[in-house]
Structure formats: C-alpha cells, structure tokens
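The next block holds one structure in the form of structure tokens; read it before the comments.
The values are calculated or read from the model by the stated rules, or taken from the named source; none is laboratory data. The structure presented is a predicted model; accordingly, all values stated were derived computationally and were not measured. No Cβ is skipped: glycine too gets one built from the backbone with ideal geometry, and neighbour counts run over all protein chains shown.
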Amino acid sequence: MSILQGKLVVLGVSGGIAVYKSCELVRLLSKAGATVQVIMTEVAAQMVGPLTFQALTGRPVEVGHGGRLASAGMDHIDLGRDADCIVVAPCTANTMAKITHGIADNLLTSTVLASTCPVVVAPAMNTRMWQNSMTRKNADVLRADDRFVLVGPDEGDLACGEQGPGRMSQPEEILTEVQRIVSPWDLKDKKVLVTAGPTREAIDPVRFLSNRSSGKMGFSIAHAAYCMGARVVLVSGPTCLNPPFGVEVIRVESAAEMAKAVEAQAGSAHVIIMAAAVADFRPSKKSTVKLKKGKDGLPTSWTRTKDILASLGRRYKGKKKRPLLVGFAAETGDPVPSAKKKLKAKGLDLVVANDVSQADAGFSVDTNRVHLVEKQLITSLDLMSKADVAQSVMQKVVLLLNSR
Ligand code: CTP
C-alpha cells in the first residue's frame, strides 16, 4: 500500500508567485493517496483562487483566519492534531519568520503552532530575502528542529526577474519529502545500493546491444528506500527518467562500467538490489570505426559479461558481515522455478520474479505483478503499480534485515 494512503496532509499555501506550483503538488499528493486539506493566506488566495484547490481536493478551502471548517467543528487545533503532516508550500519569508517565532496570526500559522506532526517547509522568495541574515537564521532554526524539514529553495530564474536561490522546489521533490517524513524510518543508518535500467554494449561508435528495460522498477525501489530513511546510491544504465530526489545517482553505460561502480559501492552497503537488466553478452571486440553493412556485417564473436550479482554472492559467501543481496528474474512464462534456481546459484537472499510476456507487467509499463522468492517462502503479489511493488520489496527487505 502506498505510504500516503489514508493520511491527512494539511497544505498551507502562503502568498508567493509559486502558488501555481502548489496546485500540481495537491494533485500529486492526492494521487499518492493522501487526503489534502488546503489552508491559504489572504495574499495566496489573491494569486490563485481557493476554488481551484477546492476542485482539486474536493474539500472546502480555508482562507486567512478560516471559519468555514469551524462551522463543521474543525479549527486550527483540530487540524494541527489530526494532520499526519503539514506542508507549507510556498512558504514566504514572512510566513517562515512567523512559524519560527511561534506567531499565530492566521489559520496557517496557528495550525502549525498547534500541531505536533512533521512539517515540510518549501521556501519561495526573492534571492535577497532568502539571503538576508534574518531569513537564514530562521531557516537554521527550522533545520535544527527535528519536526521540520526544509526542501529547497532551488536556484534559477525568479518571477521578479532576478536570478539565484529562491525558487520553490519542484512539486515531485516536495512530495518525496512528505512521503519520507510520514514513513517509519526502518532503514535509518542503512546504505542501500540499487541498480536500474539496461546496459549498452557497444558494437561500434554508433551501434549497441541493449534491452527493453526502462529503469522504472529500479528507480521506484531507490525512491522507496530513500523514503524509508536509507542513504541510497543508484547505479543506472541509460534511461529517460528523472533522478529520484534525495538519491545519489551514478550513470553508467556498459555492463563493465556497472560492475565497476557497484563493486566500488558494495563494501559499505547494507543492502544491494540489482534491478538492472544487465546485458549478458558484449561483442568480443568493439570496432573503433562504424561497421559497413556490405563488407563487415554484425560481430560474430560475443563474450559473456561479468555476472555482477553472482560475483557479489561469491564474494560474501559464508561471511558474517555481508550485505543483503536481492536479484530480479525477468522471464517469459512462470518465473518462479527459474527464480529459485537463481536464488541458489547466485547466493541471494531474495529474488523478485516476474513474467515479462504479460502486457501489464515488466518492461516499460507502470505496473508489475511479481513473486518474492526466498529460500523457504514465496509471496505472490497482485498486479500493482511499480511504486507499490517497490514498497512491498523494501518492506520484505526490512523483514529480512531484521531477521538476521
Ligand atoms: N545480473 C547481473 N549481472 C549480469 C547479468 C545479470 O548482476 N551480467 C543480475 C540482474 O541485475 C538480475 C539478475 O542478475 O538481478 C538476473 O539474473 P540472470 O540469471 O542473469 O537473468 P537473465 O539475464 O534473465 O539470465 P537468463 O537468461 O539466464 O535467465
């Protein structure tokens, strides 16, 4: 189940030009399963009409000092108490100063003051206001408080025509911080190494051998691990995906580059999850010039690439201090028998197996239907989004780590 399912997120919107981005944030939060209650300052409500947020959330929106919810028996005390998380986005310099100093002069600031839940703050303001020593001190106060998380601001072109830090972070990044803050940090102090995507094995300067992997599964796993409080390193082959927020990404191309990057990171990892579709073969010789179809044809000699996971399995075999090793098995047809073989042959703790011949599972699509294969147990999951599969895989990883 997704992290935000059934959670109440109060979105406090203060009056910055970035208000329009908060509409997208509401959409993302709702799509992720959260119930979103929007409260706006009066200035914010002059920039984007409350009706927009009301339509997006399906709930009445409170402006200024509020009042509409109060008639339904809900005020700042109720909101502060019932919220699983408060997000202030955009958070102007003024609202940030008020929050920092415990000022409660509108519904947004009083709700924050009356709350005990985590608060994600996304500052958005002019560069000089952000760089002002007063604002910096306020930001430091929030950073030092465990209950608050500051996201951004980003650097770039500002609405006022200036350039520099002050832009509100992207809605996807704010969503990630909300998901992370409401999650139990089961992987706190753990390093999770994830691989994703295909590899490309060069034939000549213009051609390569690759496969259909989109990288979505591995990227979702990296995101899920980050939300569980882990430090995440993602070694990725070529994909079109945006890097998951909060994750260190190492881009590679070939199986050999992936092997090198994984081996450099493996020593300090507590969990290694090989979701990449590593090419099993590469041309024995890469041509330095473009091959001509008339005289050259395709390479006839192919060499097996290093099996990264199997070599990790051998390296840590019988060792007391070893990372948890998770592999993937993409098969056409029933994937369980071959997953069992891979589990044993490669010395793994878990294999995530799926049948890629089904239209709604496997490569490129957003859903997957997987079996979690352990030595003594096979758990078959229903068809679900790759984000939910990632969540389930990571929950299994936590169980396996805790049972060691
Ligand atoms: N893997 C790897 N290094 C390789 C090939 C695969 O680390 N050179 C990892 C994959 O990331 C995945 C698992 O091994 O986690 C897949 O196992 P594998 O037996 O290689 O699956 P297939 O490539 O599908 O192999 P086969 O064609 O034998 O089924």
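Could you check C117 against (1) closer than 18 Å to G15 by Cα; (2) surrounded by 15 or more Cβ atoms within 10 Å (Cβ to Cβ) and say which number it fails? Among (1) closer than 18 Å to G15 by Cα; (2) surrounded by 15 or more Cβ atoms within 10 Å (Cβ to Cβ), C117 violates only (1).
The criterion of being surrounded by 21 or more Cβ atoms within 10 Å (Cβ to Cβ) and free of Cβ contacts under 8 Å to residues at least 40 places away in the same chain does not hold for V192.
Please verify whether the stretch 66-86 includes one or more residues that are under 22 Å from R167 (Cβ atoms) and surrounded by 22 or more Cβ atoms within 10 Å (Cβ to Cβ). Checked against the condition, which is being under 22 Å from R167 (Cβ atoms) and surrounded by 22 or more Cβ atoms within 10 Å (Cβ to Cβ), the stretch 66-86 yields at least one hit. Count of the stretch 189-208 residues, restricted to those that are in a strand (DSSP E or B), touching a helix residue (DSSP H, G or I) at 6+ places or on another chain (Cβ under 8 Å) and among the small types (G, A, S), is 1. Screening the candidates A330, A359, A390, A339 for the property of being assigned by TED's automatic domain parsing to the domain that holds A261, of a type in the set (G, A, S), within 16 Å of the ligand (Cβ to nearest atom) and without any contact (Cβ under 8 Å) to a residue 40 or more places away in the chain yields one hit, A339. Of all the numbered requirements in (1) in contact (Cβ under 8 Å) with a residue 60 or more places away in the chain; (2) part of a helix (DSSP H, G or I); (3) touching a Cys at 6+ places or on another chain (Cβ under 7 Å), L25 misses one, and that requirement is (3). For L399, the criteria (1) of a type outside the set (S, T, N, Q); (2) modelled with pLDDT of 95 or more; (3) surrounded by 17 or more Cβ atoms within 10 Å (Cβ to Cβ) hold in every case but one, which is (3).
Taking (1) within 12 Å of the ligand (Cβ to nearest atom); (2) of a type outside the set (S, T, N, Q); (3) over 24 Å from V389 (Cβ atoms) in turn, K295 satisfies each apart from (1).
Filtered by the rule that a residue be at pLDDT 95 or above and among the basic types (K, R), the stretch 100-138 gives R136, K137. Of all residues assigned to the stretch 361-375, at least one qualifies as being within 25 Å of Y226 (Cβ to Cβ), surrounded by fewer than 16 Cβ atoms within 10 Å (Cβ to Cβ) and of a type in the set (S, T, Y). So, of the residues in the stretch 250-292 that are without any contact (Cβ under 8 Å) to a residue 24 or more places away in the chain and more than 13 Å from the ligand (Cβ to nearest atom), which turns out to be nearest to L401 (Cα to Cα)? Checking each candidate, the answer is G267. Can you work out which of the residues in the stretch 368-389 that are in contact with a strand residue (DSSP E or B) (Cβ under 7 Å, 6 or more places away or on another chain) and in a helix (DSSP H, G or I) is nearest to G327 (Cα to Cα)? This residue is V389. N211 falls short on exactly one of the conditions (1) polar (S, T, N, Q); (2) more than 11 Å from the ligand (Cβ to nearest atom); (3) more than 23 Å from Q170 (Cα to Cα); (4) part of a loop (DSSP other than H, G, I, E, B), and that condition is (2). Among the residues of the stretch 386-404, those identified as closer than 20 Å to P198 by Cα and in contact with an Asp or Glu (Cβ under 9 Å, 6 or more places away or on another chain) are K386, A387. With a requirement of 2 or more residues that are of a type in the set (D, E, K, R) and under 28 Å from Q5 (Cβ atoms), the helices (runs of 4 or more DSSP H) lying completely within the stretch 60-135 that satisfy it span 76-82. Exactly one residue out of G12, G66 is among the small types (G, A, S) and either more than 27 Å from the chain's Cα centre (by Cα) or at pLDDT below 90 (or both), and it is G66. Inspect all residues belonging to the stretch 217-235 and state whether any of them is farther than 29 Å from D186 by Cα and either more than 16 Å from the ligand (Cβ to nearest atom) or not hydrophobic (A, V, I, L, M, F, W, C) (or both). Within the stretch 217-235 (the criterion being farther than 29 Å from D186 by Cα and either more than 16 Å from the ligand (Cβ to nearest atom) or not hydrophobic (A, V, I, L, M, F, W, C) (or both)), the answer is no, since none of the residues qualifies.
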